There are 2 protein chains.
Amino acid sequence: MAYLTAKARKFPVSRLKAFASERTAGTELLFNDAKVKVEVPDGRSWNGVDFGLFSAGASMSLQWAPVAVESGTVVVDNSSAFRMDNNVPLVVPEVNPHAIFDNNGSPYKLISNPNCSTIQMVVALKPLHDEFKIRKIIVSTYQSVTGKGKKGLEALESEMRNEPQASFTHFKPIAYNIVPQVDAFLENGYTKEEMKMVNETRKIFEDDSISVSPTTVRVPVYGGHSESIYVEFEKNVDIKKVMLLLHSFPGLIVQDDPSSQIYPVPIDCYGKDEVFVGRVRMDLEHPKAINMWVVADNLRKGAATNAVQILEKIIEKVNS
Amino acid sequence: MAYLTAKARKFPVSRLKAFASERTAGTELLFNDAKVKVEVPDGRSWNGVDFGLFSAGASMSLQWAPVAVESGTVVVDNSSAFRMDNNVPLVVPEVNPHAIFDNNGSPYKLISNPNCSTIQMVVALKPLHDEFKIRKIIVSTYQSVTGKGKKGLEALESEMRNEPQASFTHFKPIAYNIVPQVDAFLENGYTKEEMKMVNETRKIFEDDSISVSPTTVRVPVYGGHSESIYVEFEKNVDIKKVMLLLHSFPGLIVQDDPSSQIYPVPIDCYGKDEVFVGRVRMDLEHPKAINMWVVADNLRKGAATNAVQILEKIIEKVNS
């Protein structure tokens, strides 16, 4: 039996329904100590449902999100299906909360949750973008196996037990290895994951002039993505100002006293809702550039937490 | 009993002596099937010795390399002791073989072997630097635990067996983790390892105008360092020309057909003497910039192989 909980964030839920494909239907989940049976959705499943959180892949979202929206449900979709749709906002609540609502102040009926690697990067960069304006980002990632879900986790576990694998979930063996591929390659030599970091960052910052040069890499870590980020700004950078801005930004925790071994690492960030940043330092020569190290739990802030935060923003507005 | 072998490269050895501190003295090594006893060195140890390979840390090198040189031995030092000394060449044989010899064509008596992370990077970049001239390098590393030697290896092994560790060889737990620290921090917020990549790259390329922005990171891999490298050149880049140059450079093996999962990964490069490069692609916007992925066995090309190759260049010259 799997566990779901809304207690941690005190999110108000009067009734919860769980939907999945036929493969999973019939299993039971625990939510606030009560059992919830997983059902296969049909056209009437969303009648009377206020909020729908979709996280069952792009094809399920493409099929069912429009049905839910038609029934009056506000949908937050964690798949990539609608992220680059001009009519669908792509939201990280600390970064662009205004995008959740239309000109009348009503929430959009369909809102996309960005890719995990993008979310943690834009949270760390937003306060700096506002102050110094980003021109170029060069990012190399260190992504955990849970980016591929349960299958990704099981692949690392079975390889660690030395069980032979006919085909590799992470394209190559991942135990004691580093694989410079996350998702499929496109014709330009970049992966889909890398192009998500490019396109989603621009959409969230509403600035197509930002240049992003990404290399996304899978590492043998169970939970938590790390990112080595170089950023060039339009204005000269004052590192003290950078630290002040990072310290005061919501959802961001600065861990930065490297000579005392204080910097973020994935095993410390696992199970946390925030984005962690450290090793913030000026480029050795460029007065407009810095390097930084950003870590977050890819299943929480990189997925579930961000989606729930979007709903929290909507409830906050309705109650205000 | 540990093994040493010169068979793989057919290096001509008539007699081998092995020196170490008192901690190791008395142990036996196997070299070409014969036993070699490890001795503590004294002032006469290097009498009649043609070549000395030093790899026992900076303090041993500082103490004994001058004694060996005084005895007429040509020393190749793998420690950081003399690397930035203006009177000592820093050599990667594929990159700057000329630096081994003085104006009279005689080999210098003391030659430094660069840092492992630097060696593999400059091998991959040298043919491109010659053609397009490098302006800026932004590099993030994925370094194996053997960078910290036997202790580094044992730390990962014992953590994988869940044995508690009082202090961490890699500063933080390394099993299932990513640690953005290799060696100690300096006042500028960069580590010693990072500054080696900056300073050694400039010395080897004999070009102090090259800007290097490094982030060095330890990963739970037994052998083989990986590097995600962004390079900006002075001239516009032709990617076809880049591939031709990489393909024809000695010591470099191109593995680059990513949609067929052909790119270098550390477990494939383990035990190999070459540097492997893949995922070579233009920056998405900058016509003078590329991204690439470089992997090498840090104990072979990153250390032992490079040192032996320096001696091979000397022997080649003597015999020519």
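Read-outs throughout are calculated quantities, based only on the coordinates presented, and are distinct from any laboratory measurement. Bear in mind that the values here come from a model prediction, so they are computed numbers and not experimental data. Note that we place each Cβ from the backbone using ideal geometry, even for glycine, and neighbour counts take in every protein chain shown.
With neighbours defined as other Cβ atoms within 10 Å of a residue's Cβ, the residues A:His170, B:His247 order from fewest to most as B:His247, A:His170. For the pair A:Met243 and A:Glu285, a Förster radius of 25 Å applied to the C-beta separation gives a FRET efficiency near 0.80, rounded to the nearest 0.05. Checking every one of the GluC sites (Glu not before Pro) in region A:195-253 against DSSP loop status and a limit of 15 other Cβ atoms within 10 Å picks out A:Glu206, A:Glu234. Relative to its residue count, region A:83-134 spans a Cα convex hull of 94 Å³ per residue.
Against the main long axis of the alpha-carbon atoms of chain A, helix A:149-160 sits at an angle near 60°. If I fit a long axis through the Cα atoms of helix B:116-132 and take the longest principal axis of the Cα atoms of chain B, what angle between them do I get, 0 to 90°, rounded to 10? Approximately 50 degrees, to the nearest 10. Positive contributions from Lys and Arg (+1) and negative ones from Asp and Glu (-1), summed over other residues with Cβ under 10 Å from the Cβ of A:Asp273, come out at +2.
Across the cross-link table entries A:Lys172/B:Lys203; A:Lys235/B:Lys235; A:Lys151/B:Lys272; A:Lys10/A:Lys301, which are compared at the Cα atoms, the separations over 27 Å belong to A:Lys172/B:Lys203; A:Lys151/B:Lys272. In terms of overall dimensions, the C-alpha atoms belonging to region A:116-299 reach 53, 42, 28 Å along their principal axes, ordered largest to smallest.
Measuring spread by the Cα atoms of the protein assembly as shown yields a radius of gyration and Dmax of 27.2, 92 Å.
Each stretch of four or more DSSP H residues adds -39500 (n - 2.57); spread over every residue of chain B, this sum gives -8000 deg cm²/dmol at 222 nm. For the residues B:Asp273, B:Asp42, B:Asp283, a GNM of chain B with alpha-carbon springs under 10 Å puts the largest fluctuation on B:Asp42. Across chain B, the mean sequence separation of Cα contacts (distance under 8 Å, 6 or more residues apart), normalised by length, yields a relative contact order of 17 percent. Only beta bridges with both residues in the protein assembly as shown are counted; by DSSP, about 60 percent of them are antiparallel.
Based on the Kirkwood approach, the hydrodynamic radius assigned to chain A is 20.7 Å, with every pair of different Cα atoms included. Based on the alpha-carbon gyration tensor of region B:219-320 and its eigenvalue square roots a ≥ b ≥ c, which shape applies: rounded if a/c is under 1.5, prolate if not and a/b is larger than b/c, or oblate? Note, shape of region B:219-320 comes out oblate. In order along region B:214-224, the phi-based Karplus estimate (6.51 cos²θ - 1.76 cosθ + 1.60, θ = phi - 60°) of 3J(HN,Hα) comes to x, 10, 9, 9, 8, 10, x, 10, 6, x, x Hz; Gly and Pro are listed as x. Relative to the longest principal axis of chain B, what angle (0 to 90°, nearest 10) does the C-alpha long axis of helix B:192-205 take? So the helix axis and the longest Cα principal axis differ by about 80 degrees. Summed over all non-identical Cα pairs, the Kirkwood treatment of region A:121-185 gives a radius of 14.2 Å. Averaging the Cα positions of each part gives two centres, and for region B:236-251 and region A:151-165 these lie 37 Å apart. Among the trypsin sites (Lys or Arg not before Pro) in region A:35-75, those placed in a DSSP loop whose Cβ has at most 15 other Cβ atoms within 10 Å are A:Arg44. Spherically averaged projected area of the convex hull of Cα atoms, region A:1-157: 12.0 nm². Under a model in which nothing but the beta-carbon of Lys, Arg (+1) and Asp, Glu (-1) is charged, region A:62-180 shows a dipole of about 340 debye around its Cα centre.
Full extension of the segment from B:Glu206 to B:Asp257, taken as 0.36 nm per residue of separation minus the current Cα-Cα distance, would add 15.1 nm. For region B:1-84, the Kirkwood hydrodynamic radius from C-alpha pairs, put into Stokes-Einstein at 20 °C and a viscosity of 1.002 mPa s, yields a diffusion coefficient of 158 µm² per second.
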